[in-house]
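These notes are about the structure you will find just below.
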Amino acid sequence: MAKMNQIKEKILSGKRVDTADALYLYETADILSVGSLANYVNVQKNKGKVYYNINRHINPTNICVMSCKFCAFARKPGDEGAYAYTIDQILDKATEAVAQGATEVHMVGGLHPRWKLDYYLEMLGAIKERFPELHIKGFTAVEIDWLARKARLSVKEVLSQMKQAGLGSMPGGGAEVFHEDIRQEITAKLSTPEWLDIHRTAHNMGLMSNCTMLYGHVESYEHRVYHLDKLRQLQDETHGFNAFIPLSFQPHNNEMGIKRYTFGFDDLKNLAIARLFLDNFNHIKSYWIMMGQDIAQLGLYFGANDLDGTVVQEKISRMAGGRAGMLMSQNNLENLILKTGHIPVERDTLYNPLKELAHNDEQLPPVVSASNLARPNLNRSFPSEPKQEDLIKLAKEHDLFKLGSLASELSQVKTNTEVSFAPSIEIKVRDITHPNKLQDSLSSLLAHNLSESKLSPSVINLDLSGIQKQAEGERVSFSGMLEYLQILKERFPNCSLSVSGTRGLWCLVQSAQKSLGEGFKYLRENQVDCFQSSIYESERGITKTEMTNLHHAAHDYSLPTIPKVELNVAPRAESPMWDNFFAQLISYREAQKESGCIIGLSIEPAKDSFITPAEFIMAISLARIAIPNIPRMITNLMRIPILSPHKGEGSSTHLAEEKLSPVVISFGANDLGQIPLDQVVPEAIFEEIRAAGFVPKVRNANFSEMADTSWTQDKGAFMRHKPKLHKLG
Ligand code: V47
């Protein structure tokens, strides 16, 4: 912490952080301090504006003489899928781009064994002749080096001819990792001094360029710092870099032998460190194509001020397993930015503003006061039992890091750094008419090879949410349900039982002419450890008061419960309906004072709400702050909203990427809910939780048992979602 304070002092007094500081920032799990500092610097520098452009990628050929280990894009001549565009084909793509409003084409490709400098000059000339206004950001240092060698010309000569023919600037690719230990392992392309020298030459001739770093594979934090340092030195010398773009490693169809995507936690920290260390760069890109839209959007709070562009056709990341889609509309880009409270600015390649959405100053993110940075202390500055007005005021401040700091302190008081979850089997009671049917469905579940995981389930959840009022009498009865519970207990003696579904339970109890209290008593007697609300209760006509009363009734019979609060959103681009949300939270806080039986509270996005991950994370922090007397703030991993790849809007109807879960736990959640083993492999979650500096624990339904999960630590490669959930294009 002393080191973090020193770094903070340096940054606030405008001094440079050094490489040892940067290494410290990589090694700390304190993402809130790192992020808030980066956000501070970014807001000072860019005043809450976030840039994007309308562009199109054109990859003229994928034929390449190189065989870089990380590359899934390159093909050898004659290989299936190998292509090389003619000038006409390239012109067609440029024409499409211009028709769609593009101001830039981004052109990079393989090192084609037969293409010479002349072909590139022809390509540039043809595009420029037809579209003189279109900016061509083209050809990496690797391609320039290759063309110079083939033509036996100097780099300067090649660049000068290209500039003459219409080259506007250079992209940042080919930098990979500068440290030779890694560079030599992953690629045989040009050396680090050569890459830097080509950019230096370009800058000295008035050609601006970008720079990148390919991270999240076999490099260490030291290697990353070395890389950033080289870039900072060159920028000091030339000031010729427009932007730095961290490229998160995409793991598929290449020779690296790594099966995982980068951790969301690492993506965000890496962006923040780039913002802090690269103090001589104006622009840090949160490249949505590689990071995914969700993390890219969150990146705007972590020091990034650019989302890149509409892109339209991206192949390099896509072929290596990129999951973000290939194109995004201007409207989506603007929406993504607006929802984080930033001002979208369309730019050209050189960052001249082209269109700035009208805004008033109140919409801008607050210029974070220096005293609020790096973990403010809640207990001294915030009421321990906040009232609705206190919470609304806090929500309106829209300060992600302040919220995260307040919330994570509270969670850590409760559970230290432990983050729990329950590998579970979910049994939906809907069509089961007889206990035998349950046996059948259990057998088929088990036959289905629950997952690649070595973990056995710790919770069986009987989900009653599918039970409909009219049909309940004929289909499933209260006594039938108790019979199911017995079968489950026999079949899985080591698992704890939970029941979910407020409406369903109510229907069953009514049809058996019992009181709710009696219903809960029976559940307790049948060894049910926890009752929880299930998803979309509001849709099933359960009012909030009824929900609260139901939990009270369970508590009267000492049945622990987990209520759920749905987060809804007002019409587009407005903030969540905090009033309602807070009122519910406060009602559970009061209930907890009476009974002490609420073992956790879960927040979920309401169905079809357009909550973005960033909004959701703020809501989690706010909920944690609102209910300090409830031990666990549960964010069900399966219900973290992700952005729709097609609409760029938040959605609760998608499965969350695990990428987001460790981010959420840094902002105050301390449990990831029940995770069905037939849908997610939990080893991936362990890794993500650990990467964020927390200790993963497997728990049972009422948190009375916490299993040690250290045994999974030495399992190197792990699976992500099962393939059926994630089709790689
Ligand atoms: O140089 C290749 C990287 C780069 C993988 O300058 C991979 O505005 C992740 O440089 N996983 C090309 N990355 C892309 C690039 C770029 C992209 C967007 C904007 C700009 C800009 C530049 O892609 C390559 C390489 O470092 N790459 N394979 C992979 N499996």
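The values are calculated or read from the model by the stated rules, or taken from the named source; none is laboratory data. Nothing here was measured: the structure is a model prediction, and the numbers come from that model. Positions of Cβ are generated from backbone atoms using ideal geometry, with glycine treated the same way; all protein chains shown enter the neighbour counts.
Residues in the range 196-220 that are among the charged types (D, E, K, R) and surrounded by fewer than 19 Cβ atoms within 10 Å (Cβ to Cβ): 2 in all. Number of residues in the range 312-366 that are within 16 Å of the ligand (Cβ to nearest atom) and at pLDDT below 90: the value is 18. Note on the range 118-146: residues that are part of a helix (DSSP H, G or I) and within 16 Å of the ligand (Cβ to nearest atom) amount to 6.
When ASN629 is tested against (1) under 19 Å from the mean Cα position of the chain (by Cα); (2) in a loop (DSSP other than H, G, I, E, B), just one condition goes unmet, and that condition is (1).
Among the residues of the range 79-88, is any β-branched (Val, Ile, Thr) and under 28 Å from HIS217 (Cα atoms)?
No - not one qualifying residue is present in the range 79-88.
Are any of the residues in the range 107-116 within 16 Å of the ligand (Cβ to nearest atom), touching a residue at least 40 places away in the same chain (Cβ under 8 Å), assigned by TED's automatic domain parsing to the domain that holds ASP348 and assigned to a strand (DSSP E or B)? Checking the range 107-116: at least one residue is within 16 Å of the ligand (Cβ to nearest atom), touching a residue at least 40 places away in the same chain (Cβ under 8 Å), assigned by TED's automatic domain parsing to the domain that holds ASP348 and assigned to a strand (DSSP E or B).
Scan the range 289-303 and tell me whether some residue there is of a type in the set (Ser, Thr, Tyr), away from the ligand (no atom under 14 Å from the Cβ) and surrounded by fewer than 24 Cβ atoms within 10 Å (Cβ to Cβ). No, every residue in the range 289-303 fails to be of a type in the set (Ser, Thr, Tyr), away from the ligand (no atom under 14 Å from the Cβ) and surrounded by fewer than 24 Cβ atoms within 10 Å (Cβ to Cβ). Within the span defined as the range 82-89, every residue fails to be over 30 Å from MET328 (Cα atoms), assigned by TED's automatic domain parsing to the domain that holds VAL311 and of a type in the set (Asp, Glu).
Of all residue pairs spaced 6 or more apart or on separate chains, those with beta-carbon atoms under 7 Å, a first member in the range 581-602 that is of a type in the set (Val, Ile, Thr) and a second member that is surrounded by fewer than 20 Cβ atoms within 10 Å (Cβ to Cβ) and part of a helix (DSSP H, G or I) are ILE586/GLN388.
Does the range 114-125 contain any residue that is modelled with pLDDT under 95 and buried (at least 18 other Cβ atoms within 10 Å of the Cβ)? Checked against the condition, which is being modelled with pLDDT under 95 and buried (at least 18 other Cβ atoms within 10 Å of the Cβ), the range 114-125 yields no hits at all. Once the range 695-723 is narrowed to residues that are of a type in the set (A, V, I, L, M) and either buried (at least 21 other Cβ atoms within 10 Å of the Cβ) or in contact with a Lys or Arg (Cβ under 9 Å, 6 or more places away or on another chain) (or both), the residue that is modelled with the highest pLDDT is ALA701. State yes or no: is GLY173 small (Gly, Ala, Ser) and within 23 Å of CYS64 (Cβ to Cβ)? Criteria met by GLY173. Of all residues being closer than 25 Å to ASP92 by Cα and not in a helix (DSSP H, G or I) in the range 147-171, which is nearest to the ligand (Cβ to nearest atom)? Just the residue, please. Once the filter is applied, the top-ranked residue is PRO171. Just wondering, is there one or more residues in the range 149-156 that are crowded, with 23+ Cβ neighbours inside 10 Å and either under 31 Å from the mean Cα position of the chain (by Cα) or in contact (Cβ under 8 Å) with a residue 12 or more places away in the chain (or both)? No, the range 149-156 contains no residue that is crowded, with 23+ Cβ neighbours inside 10 Å and either under 31 Å from the mean Cα position of the chain (by Cα) or in contact (Cβ under 8 Å) with a residue 12 or more places away in the chain (or both).
If I ask for residues that are at pLDDT below 75 and not in a strand (DSSP E or B), which ones from the range 542-579 would you list?
ALA570, PRO571, ARG572, ALA573, GLU574, SER575, MET577, listed by residue number.
Yes/no matrix, rows are residues, columns are (1) in a helix (DSSP H, G or I); (2) crowded, with 23+ Cβ neighbours inside 10 Å; (3) at pLDDT 85 or above:
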{"residue": "GLN592", "(1), (2), (3)": "yes, no, yes"}
{"residue": "ILE620", "(1), (2), (3)": "yes, yes, yes"}
{"residue": "PRO662", "(1), (2), (3)": "yes, yes, no"}
{"residue": "GLN679", "(1), (2), (3)": "no, no, no"}
{"residue": "ILE689", "(1), (2), (3)": "yes, yes, yes"}
{"residue": "GLY693", "(1), (2), (3)": "no, no, yes"}
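Counting only residues that are more than 12 Å from the ligand (Cβ to nearest atom) and either over 21 Å from HIS239 (Cα atoms) or touching a Ser or Thr at 6+ places or on another chain (Cβ under 8 Å) (or both), how many does the range 179-210 have? Count: 14.
Does at least one position in the range 252-272 carry a residue that is surrounded by 23 or more Cβ atoms within 10 Å (Cβ to Cβ), more than 16 Å from the chain's Cα centre (by Cα) and closer than 21 Å to TYR26 by Cβ? No, every residue in the range 252-272 fails to be surrounded by 23 or more Cβ atoms within 10 Å (Cβ to Cβ), more than 16 Å from the chain's Cα centre (by Cα) and closer than 21 Å to TYR26 by Cβ. Take the range 216-256 and flag every residue that is closer than 14 Å to ILE273 by Cα, more than 12 Å from the ligand (Cβ to nearest atom) and not acidic (Asp, Glu). Scanning the range 216-256 gives TYR221, HIS223, ARG224, VAL225, TYR226, LEU228, LEU231, ARG232.
Scanning the range 64-106 for residues that are in contact with a Pro (Cβ under 7 Å, 6 or more places away or on another chain), assigned to a loop (DSSP other than H, G, I, E, B) and either within 16 Å of the ligand (Cβ to nearest atom) or free of Cβ contacts under 8 Å to residues at least 24 places away in the same chain (or both) turns up just one, VAL65. Quick check: anything in the range 38-51 within 16 Å of the ligand (Cβ to nearest atom), under 29 Å from SER329 (Cα atoms) and outside any loop (DSSP other than H, G, I, E, B)? Scanning the range 38-51, I find at least one residue that is within 16 Å of the ligand (Cβ to nearest atom), under 29 Å from SER329 (Cα atoms) and outside any loop (DSSP other than H, G, I, E, B), so the answer is yes.
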